[in-house]
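The values are calculated or read from the model by the stated rules, or taken from the named source; none is laboratory data. Remember, it's a predicted structure, so these values are computed and weren't measured experimentally. Methodologically, a virtual Cβ is constructed for each residue, glycine included, from the backbone with ideal geometry; neighbour enumeration extends over all protein chains shown. Protein only, heavy atoms only, side chains kept; ligands, DNA and RNA dropped before computing areas. Shrake-Rupley method; radii C 1.70, N 1.55, O 1.52, S 1.80 Å.
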Amino acid sequence: MGRILKLDTKVANLIAAGEVIERVASVVKELVENSIDALATNIKVELVESGLKEIIVSDNGIGMDVIDAKCCVLPHYTSKIKNSDDLFNINTLGFRGEALPSICAVSNLTIKTSTVDGKGISLRFKDEKLVAEGTISLPKGTTISVKDLFYNTPARLAQLSNANNEVSFVSDYLTKIAFAYPDIAFLFIANGKTIFQTYGNDDQLEVISSVYGFDVARNMLAFAKESNYFSVEGYTSKISVTRSSKQHITILVNGRLIRNYNITNAIIKGYGTRLMVGKYPITIIQITCDAGLVDVNVHPAKAEVRFSMEEELDELVKDAISEILDNNSLIVEQKEINDLADSDPFLEEIDIDEQDNDDEDSDISFDFDKEIVVSEAPSIIFSEEDADPFEENIEPSAPVYEELKLFSDGIALSSEDNDNKLPLMNYVGQLFETYILAQGEENFYLIDQHAAAERINYEQIYDKLSNDKILSYELLVPISYTFTPSEALMIEAKIEELKELGIEIENFGGTTYVVRSIGTWIPKSKINDYLEEIFNSLIRGTKTKKEEFLDSLAKSLACKAAIKGNEYHSEEEARMLLNLLNKTKNPYTCPHGRPVIVKFTKYEIEKWFKRIV
Ligand code: ADP
Ligand code: MG
């Protein structure tokens, strides 16, 4: 039959950059996309030794005949497009005829395939050559086994240092592609364990529930809206369900998983001021449009696309989201009221600085082109019973607080101690509710109160974290968290590291974990924020050295715990802050390197007013 044809060189050259198979997940992605293109309704992905020994993807799709099966591993052989016109009207996930040849080049490949139930063929390739061929009995469909990935490219193999990460990458990709294809039953097994499964009932909410858990699924709002050229539909979370990264915004365009900065932003804009800064929704959005309006041929992993009429699309997305939020009265839940009422000025929820968030958009994890990727937020859900973890009787010694309280008892701004780094200064006032004004003998100072608080918190938290003896205490009501399957894999691998931080967490079935004990260093009113940030940092996991990890964790926690700009403070609070700042090792910059204090000399000021010339 020979449906697969070789693209002529001209078309082949029009196709964006060559295939890069960099990790287990990139193999899985290509094989699964082929199964979807082959109209499978059942797709099973199995990893042996986290995929490093073997990756097996089986489907019940249309299969291949002998000729096709032999051609499919040759470069630029594809059944999906024929000429350059087709490039502007791509309706399949694949089109470049590059995946199988690239995979074949770095592994030992076996293809078992059949176009009719009962009789099929088996082909085995070694060093890109067909080494065995036979007929076998096989139901309709295709099973591709990729053995010994990167056996001939040790450098790439060495980069996959953490096998656990590979499983997590695969899981993350599969959960997202499952959102796009709720009519396909996916089964993912890694190292003998079922990690994730969907049932193909064509119910997206059911898939959301398998990935994020029931509690998230019931807090999702369905939306749908159309414009001239586009239609969008999907689910987005109520404001009570947020995450600290944009990771959980899944964008699908004509069944393809993509990332797109503008659409992500349009979704966030749709929420307007309903979201706290640094918080993002869980959203699954499917965009449907004429294939001619979207250019998928711009990125080798096809993860980025370009739209015509992009502005219309952004507007549509924003409106669809904001309308659905408007239509649903978003009653603030108890937990949030508690958060709001928790107004200790020095431990106020701090919006993560924009500067720290700059890399947010690069953290989408199905980026198969990057070496270190995945930066994910934990999907945290508080179960009903423990909605108020603050209701506890144990009063842990939260050292950050204690010191603050001490100062609020009225110790004056002291500069006499020998270890003081800052010059003697007197409190003058507050400017723009953001800066503290202070005066010394011959100088005038402006102090950024957020930067100062961050510095204080950072040093205190880092000290506590790097202390060998972290004390912990048992929570009266354990707190439960439900993670996505890929997050759960990361957490599972970090249980010991968490213990070192005083946090005892254990599996509670599926991807739900319960925290039974926490370190006394965690301020009581910030337990949820701190735990969320700790899980986040572990899952993001780019810092492998312990000190580096603790340092970056201390930085992000410090920011969370620090006082905001744009907030009025009493003189006493300001003095307290200056006192604590004075005690830090480096009172001059915040942990991210921004200045804390700026000095104007009296001489300079007098020159402004021409008192001296
Ligand atoms: P592309 O998907 O870009 O066409 P691939 O190298 O991924 O290129 O695949 C080459 C061809 O092999 C496909 O065009 C398709 O005809 C065939 N093929 C690959 N996987 C399957 C599968 N699971 N079922 C049926 N046909 C497949
Ligand atoms: Mg393909």
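See the values below:
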| quantity | calculated |
| --- | --- |
| Proximal lysines relative to LYS6, as straight alpha-carbon distance under 17 Å, when same-chain residues fewer than 8 apart are discounted | LYS70, LYS80, LYS82 |
| For THR589, distant residues with modelled amide H under 5 Å away | VAL596 |
| Shape call, the stretch 9-197: gyration tensor on alpha carbons, a/c limit 1.5 | rounded |
| Under 19 Å, Cα to Cα: Lys pairs in the stretch 204-328, sequence gap 8 or more or different chains | 13 |
| Cα shape, the stretch 193-240, gyration tensor, a/c 1.5 rule | oblate |
| Per-pair calculated FRET efficiency, R0 = 45 Å: LYS129 and THR589 via Cβ, rounded to 0.05 | 0.15 |
| Rounded, prolate or oblate (a/c below 1.5 giving rounded, otherwise prolate when a/b exceeds b/c) for the stretch 451-566 by Cα gyration tensor | prolate |
| Label-point gap, in nm, between GLU572 and LYS193 - each point 7 angstrom along Cα→Cβ | 5.2 nm |
| Accessible area expressed per residue, the stretch 9-197, with surrounding protein chains retained (probe 1.4 Å, Å²) | 40 Å² |
| Two-site FRET efficiency, ILE612 against ASN201, from Cβ-Cβ distance with R₀ of 60 Å, rounded to 0.05 | 0.15 |
| Rounded percent of accessible protein surface that carbon and sulfur make up, the stretch 134-216, 1.4 Å probe | 51 percent |
| Protection-proxy order for peptides 594-600, 186-192, each taking the mean of Cβ atoms within 10 Å per residue, highest first | 186-192, 594-600 |
| Peptides ranked, highest mean first, by Cβ atoms within 10 Å: ranges 280-290, 432-442 | 280-290, 432-442 |
| Mean Cβ count within 10 Å, highest first, over the residues of peptides 502-512, 101-111 | 101-111, 502-512 |
| Amide H contacts of LEU221 (H built 1.01 Å from N, under 5 Å, at least 5 apart or other chain) | THR236, SER237, LYS238 |
| Additional length obtainable on full extension of the chain from THR512 to ASP463, 0.36 nm per residue less Cα span | 14.5 nm |
| Under-5 Å amide H pairs with PHE230, H placed in peptide plane, nonlocal only | none |
